[in-house]
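> Quick one: structure below, then a few questions.
The values are calculated or read from the model by the stated rules, or taken from the named source; none is laboratory data. Nothing here was measured: the structure is a model prediction, and the numbers come from that model. All Cβ positions, even for glycine, are placed from backbone atoms using ideal geometry, and neighbour counts span all protein chains on display.
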Amino acid sequence: MTAYVMESDAEARRLVAQAQANPVLEHLRTTGLSEGHVALDVGCGPGVITEVMATQVGPKGSVVGLDFNAQRLTEARARCAYLGNCRFLDADLRASGLPDAAFDYVWSQFVFEYLPQPEPALAELLRVTRSGGRVVVSDVDGVGMFNWPCPPLVQEGFPKLVGAMTTATGFDIHVGRKMYSLFRRAGLVDVRVHLAPLWVVAGKADARLVEDWDIRLRTLEPVAAPFFGGVEAYRAFSRAYMDLLCDPEALKYSVLLVTEGRKP
């Protein structure tokens with residue numbers, strides 16, 4: 001599995017806060033998750049969305065949470081211990097070991113952005129989905145890029161940050177816009193795309209988003225600093241970005257694209 005460049009001691013807290021800040025239940029319902037479904041949460045992390053999915057499918061349904069990070073799975077099992085209709089699996093999403101056509105509904109959020117070659121992973125999601133079932137991928141498009149007014153230090157530095165992540169891990173900041181084509185080429189039908197804000201901040205960002213980016217930028221420093229010519233230049237960019245988040249005169253927003261398709 002591709003190395004997860006965002007791993008840190010604070011990552012579980014960041015992921016939980018991020019998941020709780022987004023209207024995931026609305027996205028799940030809109031894309032067809034229903035009571036009684038057998039569902040799969042791919043890249044489940046600490047289990048926040050798995051918990052929501054298990055509640056949505058109810059006692060007649062079930063959910064499997066899949067991840068390759070042992071610590072995240074421990075956190076997910078603890079979070080969902082009170083639920084009797086979900087379990088967790090340590091596996092690579094490109095070769096899960098799950099049986100063919102096992103799920104009515106397969107969900108993955110914030111995973112495909114880290115996959116340099118998304119096609120094998122998408123093929124695996126289709127393999128484990130039954131005929132007539134739905135595959136749904138929720139992912140970013142240009143996360144962190146849309147700001148106005150934008151200081152030159154941020155405007156010039158952000159492509160360097162993206163270049164660092166792309167080189168280190170194959171991270172794709174525009175993967176969200178690519179999923180429609182990938183779904184069609186994979187053979188999914190009735191493909192639809194839902195556009196939603198990941199965040200919209202007119203003025204000063206709240207404490208959750210500020211902490212999210214503080215964790216991101218500190219974690220990425222070893223990878224990103226060489227692209228800025230050194231640690232001090234990277235830290236200057238990081239301070240400028242954090243100042244932008246807190247600027248009461250600036251608009252900041254990021255886009256989430258939720259792509260769904262039906263397996264014939």
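> Quick one: in segment 64-102, which of the residues that are modelled with pLDDT under 95 and assigned to a strand (DSSP E or B) is surrounded by the fewest Cβ atoms within 10 Å (Cβ to Cβ)?
Applying the filter and picking the extreme gives ALA95.
> Hey, another quick one. Which helices (runs of 4 or more DSSP H) sit wholly inside segment 145-264 and have at least 1 residues that are over 25 Å from SER108 (Cβ atoms), touching a residue at least 60 places away in the same chain (Cβ under 8 Å) and among the charged types (D, E, K, R)?
Numbers: elements: 152-169, 175-186, 207-228, 231-245.
The helices (runs of 4 or more DSSP H) meeting that bar are 152-169, 207-228, 231-245.
> Any residue at all in segment 247-258 that is of a type in the set (Gly, Ala, Ser) and either surrounded by fewer than 18 Cβ atoms within 10 Å (Cβ to Cβ) or in contact with a Pro (Cβ under 8 Å, 6 or more places away or on another chain) (or both)?
Here is the first cut: in segment 247-258, the ones of a type in the set (Gly, Ala, Ser) are 250, 254.
Narrowing the set further to residues that are either surrounded by fewer than 18 Cβ atoms within 10 Å (Cβ to Cβ) or in contact with a Pro (Cβ under 8 Å, 6 or more places away or on another chain) (or both) leaves 250, 254.
Within segment 247-258, one or more residues are of a type in the set (Gly, Ala, Ser) and either surrounded by fewer than 18 Cβ atoms within 10 Å (Cβ to Cβ) or in contact with a Pro (Cβ under 8 Å, 6 or more places away or on another chain) (or both).
> Determine whether GLN56 is over 17 Å from ARG134 (Cβ atoms) and either in a helix (DSSP H, G or I) or out of contact with any Phe, Trp or Tyr (no Cβ under 9 Å at 6 or more places or on another chain) (or both). Give the derivation first.
Numbers: over 17 Å from ARG134 (Cβ atoms): no; either in a helix (DSSP H, G or I) or out of contact with any Phe, Trp or Tyr (no Cβ under 9 Å at 6 or more places or on another chain) (or both): yes.
In short, no.
> When you scan segment 167-195, how many residues do you find that are at pLDDT 95 or above and among the small types (Gly, Ala, Ser)?
Residues flagged as at pLDDT 95 or above and among the small types (Gly, Ala, Ser) within segment 167-195 amount to 4.
> So which pairs qualify, if the first residue must be in segment 45-65 and under 13 Å from LEU33 (Cβ atoms), the second must be among the aromatic types (Phe, Trp, Tyr), the Cβ gap must be under 8 Å, and the two must be at least 6 apart or on different chains?
ILE49/TRP107; THR50/PHE88; MET53/TRP107
> Moving to a separate point now. Out of segment 175-185, which residues are surrounded by fewer than 14 Cβ atoms within 10 Å (Cβ to Cβ) and of a type in the set (Ser, Thr, Tyr)?
Our first condition is that a residue be surrounded by fewer than 14 Cβ atoms within 10 Å (Cβ to Cβ); within segment 175-185, this holds for 181, 184-185.
Within segment 175-185, just SER181 meets the criteria.
> For segment 186-199, which residues satisfy the criterion of being under 16 Å from GLY144 (Cα atoms), surrounded by 18 or more Cβ atoms within 10 Å (Cβ to Cβ) and in contact with a helix residue (DSSP H, G or I) (Cβ under 8 Å, 6 or more places away or on another chain)?
Passing the criteria: only TRP199.
> Of the conditions (1) assigned to a helix (DSSP H, G or I); (2) modelled with pLDDT under 90, ALA3 fails just one. Which one is it?
Going through (1) assigned to a helix (DSSP H, G or I); (2) modelled with pLDDT under 90 one by one, ALA3 breaks only (1).
> Keeping to segment 218-238, report how many residues are among the hydrophobic types (A, V, I, L, M, F, W, C) and at pLDDT below 95.
2
> Is it the case that ALA164 is within 17 Å of LYS252 (Cα to Cα), over 18 Å from the mean Cα position of the chain (by Cα) and modelled with pLDDT under 95? If you could, list the steps in order and put the result at the bottom.
Working: within 17 Å of LYS252 (Cα to Cα): no; over 18 Å from the mean Cα position of the chain (by Cα): yes; modelled with pLDDT under 95: yes.
So ALA164 fails the test.
> Looking only at segment 141-157, count how many residues are at pLDDT 95 or above and either aromatic (Phe, Trp, Tyr) or under 28 Å from ASP41 (Cα atoms) (or both). Break it down stepwise before answering.
Kept after step one, since they are at pLDDT 95 or above, are these residues of segment 141-157: 141, 146-157.
This time we only want the ones that are either aromatic (Phe, Trp, Tyr) or under 28 Å from ASP41 (Cα atoms) (or both), so: 141, 146, 148.
Here the count works out to 3.
> Also, I was wondering about something else. With the checklist (1) farther than 26 Å from ASP41 by Cβ; (2) crowded, with 20+ Cβ neighbours inside 10 Å; (3) hydrophobic (A, V, I, L, M, F, W, C) in hand, flag the one item ALA202 doesn't pass.
Result: ALA202 fails condition (2) only.
> Looking only at segment 116-132, which residues are in contact with a Leu (Cβ under 9 Å, 6 or more places away or on another chain) and either of a type in the set (Asp, Glu) or part of a strand (DSSP E or B) (or both)?
GLU119, GLU124, THR129
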